[in-house]
Every structure is written in C-alpha cells, then in structure tokens.
Amino acid sequence: MNPLELVELLKGHRVFIQTHNFPDPDGIASGFGLQYFLKVNGVESEICYDGKIDKLSTKKMFAVFNICAKSKDEITDMTEEDYIVVVDAQKLNANLTDFVGDEIACIDHHPTVKEYEYRYKDVRIVGACSTIIADYFRQTNTDLPPNIASALAYGIKMDTADFTRGAYPFDAEVFSYVFEKADSHLINDMYMNVMELSDLKAYGAAIDSIRLHGEVGFAKIPFDCPDALIAIISDFILSLDVVTVSVVYSMRMDGIKFSVRSELEEIDAGKMIAGALKGVGDGGGHKGMAGGFIPKDAVSKLGNEMDENIQVRFLKQKEIQKRAEI
Ligand SMILES: [Mn+2]
C-alpha cells in the first residue's frame, strides 16, 4: 500500500488512531509513529484506546518519547463522521472496542480472523506493527525525528522479544533504518527502572510459594496482580532450568487468574488450561502460552485444599497429553 493514499483519504476529516485495548509498546509506538507521519503530511490526529495501561514499562513510554494518547473515558466528543485508523489490531476482534467513529483504515501485522472492508488496509505478517509504520517513513523518505525513531525501534524490539519471537528479515531491515535515526539513550532509558516495588512483592510471593512436580512449576501470588505481571512471572518461573511447564496464579477479589507456559512440544498450554479448569472456570490460548480464570463463586468447588486441587487438575492434563503422544 502507498501510505500517501491513506493521507489523501483522511484529509478534511477528524482522525483518531485506535490501538488494541490495553495497548502494549508496539501498539503505542505504531500509533505514535503514524500520528507523526500524518502530521507532516498535513493531517492532525489523536491516539486513543480502551482499557488501562497497567504496565510500568508501557506507561514510561509516554514520558520518554513524549506521547499523548486518550483512554475511552477521555474521549467524549467522537462522532459517527469521524475517521478511525486501527493499528496493531483489526475491527471485529475481541481486543478492539467498537468506538462510535468509522473504522476506514487498518494497519496491522496479525492474521485476519474476521474480514472487514476498509478503504485502506495494510496487513502484513511481520514481527511488529511498528515495522510497517517505520517502513512508511522509509518508503516516502519522510523525515524521522529521534524520539519517533526511538519509539518505533523500541516497539519492534518489544514485539519481537529482541528478534527471538516471530521476527522476519524485513523487521531487521526496517529496524536498521530506524535505529540509525534513533537516540539510543532514549531506547536504553526504557530498560531502566521499569520494575515497581509491587512487582517485586509479586515475584517474592511467587518464589516463596513455588512447588515443583517433576518439570511442572506452580506458583501462587496470594493477592491481586495485573494480567501482564502474572504473565511475566510465568515466563520467569519457566526460565528455571528444571521447569518446562509453568502455572502461575493470582488470588483476585473476583476470582483466580492463571497464566500457563509450556516449552515442551508435546504439551499444549492452551489445551492444558482448558482441561484443568473445566467445570470451575475457563481457559485457553496457544501451545506455548495460555491464560484462564476461575470466578469467585466457583472457587469453593476447589475445596479446602485449593492449591493441591489446582496442582492435581493441571498434572492430570499433562498426563492425558503425554499419553496421547505415545
Ligand atoms: Mn504488535
């Protein structure tokens, strides 16, 4: 797609750039980069999202790169006439709230689950949406200031886990273009002081409670913990040399929230949690990573020995999958 066609389409309209709900660094960087690209081409826009920004590292981007974005509650005057460009997400997906404006354009790097007719669609399977936005600058030879270049470089690094997750040569090619124009101090700054004291308490609780059953590591955080942090702690437990499957859960006011990881080819984390929580809650996800939830009302079904019950449920699923393998 020629990004200047997008500019033409948007001219004369009020424009919003919407990221997926609970935006991550790639979503924020994509929105920020696109906002600047449109601005130098004469189109003003606002970045918006639904949900919260609950991770310190994502919050930090706003200060480090000087980004402005509005949450759903802060936008009260969007109308049906307004144009929305969806970035790092697609309309009709569960992670994108349907705002009142008209979603006329979409720029994303995820496979399309539900088709939708946009007037401008640029969906490419690459490692990060930031890669596509950065390519707009390269393609059109548009001036790329250091803070924008740094944000895009950070978005690419984060979404590809430093080129170890779903990265393509195209990501590396575009990364080298933005990195040359970036301020490396700004990128480095993003990696400093990103842990909050409350994060450390959650790590501490998980470490204290860890139980190993063969290669399966269980850890419980006995208090409320945001999704993103439970997921990071699950990765952390998985990084132990003896652990190949990790199950981490947080006791919340409204129930128990789970995050599961598997690095074994024969153990599917999504199927494992779906089976383990059957009858008490819901779970699902990918082979490598999955999540789930047991609502408060169902917690009593786990009985007095709740932790043991949870462990038995997951271990049984592991056996079922192992047996299916033979
Ligand atoms: Mn992304």
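The values are calculated or read from the model by the stated rules, or taken from the named source; none is laboratory data. Here the structure is a predicted model, which means the values were calculated and not measured. No Cβ is skipped: glycine too gets one built from the backbone with ideal geometry, and neighbour counts run over all protein chains shown.
Any chance you could count how many residues in segment 67-98 are surrounded by fewer than 20 Cβ atoms within 10 Å (Cβ to Cβ), of a type outside the set (D, E, K, R) and under 21 Å from the mean Cα position of the chain (by Cα)?
8
Of the residues V280, V260, V247, V242, which single one is surrounded by fewer than 18 Cβ atoms within 10 Å (Cβ to Cβ), over 22 Å from K52 (Cα atoms) and among the β-branched types (V, I, T)? Working first, answer last.
Working: V280 fails: surrounded by fewer than 18 Cβ atoms within 10 Å (Cβ to Cβ); V260 fails: surrounded by fewer than 18 Cβ atoms within 10 Å (Cβ to Cβ); V247 fails: surrounded by fewer than 18 Cβ atoms within 10 Å (Cβ to Cβ).
Of the residues listed, the single one that is surrounded by fewer than 18 Cβ atoms within 10 Å (Cβ to Cβ), over 22 Å from K52 (Cα atoms) and among the β-branched types (V, I, T) is V242.
Could you list all residues from segment 30-78 that are among the hydroxyl-bearing types (S, T, Y), away from the ligand (no atom under 16 Å from the Cβ) and either at pLDDT below 95 or assigned to a strand (DSSP E or B) (or both)? Step through it out loud before you land on a result.
Of segment 30-78, the ones among the hydroxyl-bearing types (S, T, Y) are 30, 36, 45, 49, 57-58, 71, 76.
Checking which are away from the ligand (no atom under 16 Å from the Cβ) leaves us with 36, 45, 71, 76.
Matches in segment 30-78: S45, S71, T76.
Filter segment 97-121 for residues that are more than 12 Å from the ligand (Cβ to nearest atom) and under 14 Å from G31 (Cα atoms) and give the result.
Within segment 97-121, A105, C106 meet the criteria.
Does N141 fit the bill of being free of Cβ contacts under 8 Å to residues at least 24 places away in the same chain and on the phi > 0 side of the Ramachandran plot? Lay out the reasoning, then the answer.
Details: free of Cβ contacts under 8 Å to residues at least 24 places away in the same chain: yes; on the phi > 0 side of the Ramachandran plot: yes.
Judged against the criteria, N141 is a match.
If the requirement is being assigned by TED's automatic domain parsing to the domain that holds D224, crowded, with 17+ Cβ neighbours inside 10 Å and farther than 24 Å from G204 by Cβ, which of these qualifies: G303, G270?
On the way: G303 fails: crowded, with 17+ Cβ neighbours inside 10 Å.
Answer to the check: G270.
May I ask you to verify whether L186 is among the aliphatic types (A, V, I, L, M) and away from the ligand (no atom under 16 Å from the Cβ)? Don't jump to the end; show me each part of the working.
Details: among the aliphatic types (A, V, I, L, M): yes; away from the ligand (no atom under 16 Å from the Cβ): yes.
Answer is yes for this residue.
Would you point out the residue of segment 79-115, among those that are touching a Gly at 6+ places or on another chain (Cβ under 8 Å) and in a strand (DSSP E or B), that is farthest from D171 (Cα to Cα)?
Of everything passing the filter in segment 79-115, Y83 is farthest from D171 (Cα to Cα).
Evaluate segment 152-171: report whether one residue or more is outside any helix (DSSP H, G or I), more than 16 Å from the ligand (Cβ to nearest atom) and not aliphatic (A, V, I, L, M). Let's see the steps before the verdict.
Restricting attention to segment 152-171, the residues satisfying the condition of being outside any helix (DSSP H, G or I) are 160-168.
If we keep only those that are more than 16 Å from the ligand (Cβ to nearest atom) as well, we get none.
Within segment 152-171, not a single residue is outside any helix (DSSP H, G or I), more than 16 Å from the ligand (Cβ to nearest atom) and not aliphatic (A, V, I, L, M).
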